[in-house]
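Worksheet: the structure to be examined is printed underneath.
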Amino acid sequence: MSTLQALILGFIQGLTEFLPVSSSGHLEIGHALLGVHGHDHLLFAMVVHGATVLSTLVVFRKDILALFKGLFQFKWNEETKYVTYLLASSIPIVLLGLFFREQIENLFSGDLFFVGCMLLITASLLAFTYFSKSKGKPIGLPDALIIGIAQALAVMPGISRSGTTIATGLILGKKKDEVARFSFLMVLIPILGANFLDLISGEISSGEQVGFVPLAVGFVAAFLSGLLACSWMINIVKKGKLIYFAAYCLIVGLIAIFAA
């Protein structure tokens, strides 16, 4: 992988991880256009995902600190409840990763037709939010599980994780800013868990052909674009402008289908 390829893919990862357009789908398209085989660069994928986790921690640093302070009071307070909801939301994707990991990895084969079809599903979900109305209720345990199921379905390339979880929360009638916050915080657990499993399982080979410079460039690109996209997305959700991303996913999905 060249430094330029790492820069482009890192930028795509950081930007599309938070915008509701599917980072996995765009990376598959990027791999196809750049001639990079995703299966050959597990280390690079782990590094750029780590960068987006770091950008999330920076943007939500005050919220995360408040959660930890409340959690370590060892009381059943609002912070403990919220952490419980976050953990509950990760159950579906953890189960999927434990029992169907090989099948999931096989989906990342560079099939642009499949990615295009999944992008059309993302477009449909985002379009539904245009007609949803907030009931002003906070997220509860049942909501967390439902949003978690939506996150598990988004393992398929082309289905946006942030788009699916935010759309599900909005369709459930939850507060816009609360849905965005929950969507971005809930992804920390599965990403950190998946990266940890990759490390201890030895699947990341020291012989991978990715040098230090491309890794560093990809990390910085993903981190900076992730910072921008995360902050931007919060305002987009508050203003209810997801319909524009529905149109974008529709167009890109159709292009991917016809280009396959």
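The table for this structure:
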{"quantity": "Mean residue ellipticity (222 nm) of the chain, computed from DSSP H runs ≥ 4 via -39,500 (n - 2.57), nearest 500", "calculated": "-25000 deg cm²/dmol"}
{"quantity": "Fraction of alpha-carbon pairs over 20 Å apart in segment 1-70 - percent", "calculated": "35 percent"}
{"quantity": "Histogram of C-alpha separations across the chain, 5 Å bin width, %", "calculated": "1, 6, 13, 18, 20, 18, 12, 7, 3, 1, 0, 0"}
{"quantity": "Size of electric dipole in segment 3-259: Cβ of Lys, Arg +1 and of Asp, Glu -1, about Cα centre, debye, nearest 20", "calculated": "1360 debye"}
{"quantity": "Placed amide H near V21: partners under 5 Å, 5+ positions off or other chain", "calculated": "G163"}
{"quantity": "At least 20 Å along the helix axis (C-alpha) and Kyte average at least 0.0, DSSP helices within the chain", "calculated": "3-18, 42-59, 78-106, 112-128, 212-239, 243-259"}
{"quantity": "Förster radius 41 Å - calculated FRET efficiency between L95 and K75, Cβ distance, rounded to 0.05", "calculated": "0.90"}
{"quantity": "Amide H contacts of K174 (H built 1.01 Å from N, under 5 Å, at least 5 apart or other chain)", "calculated": "K135"}
{"quantity": "When each of K62/K239; K69/K135; K174/K241; K137/K238; K75/K135; K81/K241 is checked by Cα-Cα distance, pairs over 27 Å", "calculated": "K69/K135; K75/K135; K81/K241"}
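Each value in this text was obtained by applying a stated rule to the coordinates, not by laboratory testing. Note that this is a predicted model, so its numbers are computed, not measured. Ideal geometry is used to build each Cβ from the backbone, glycine not excepted, and the neighbour counts take in all protein chains shown.
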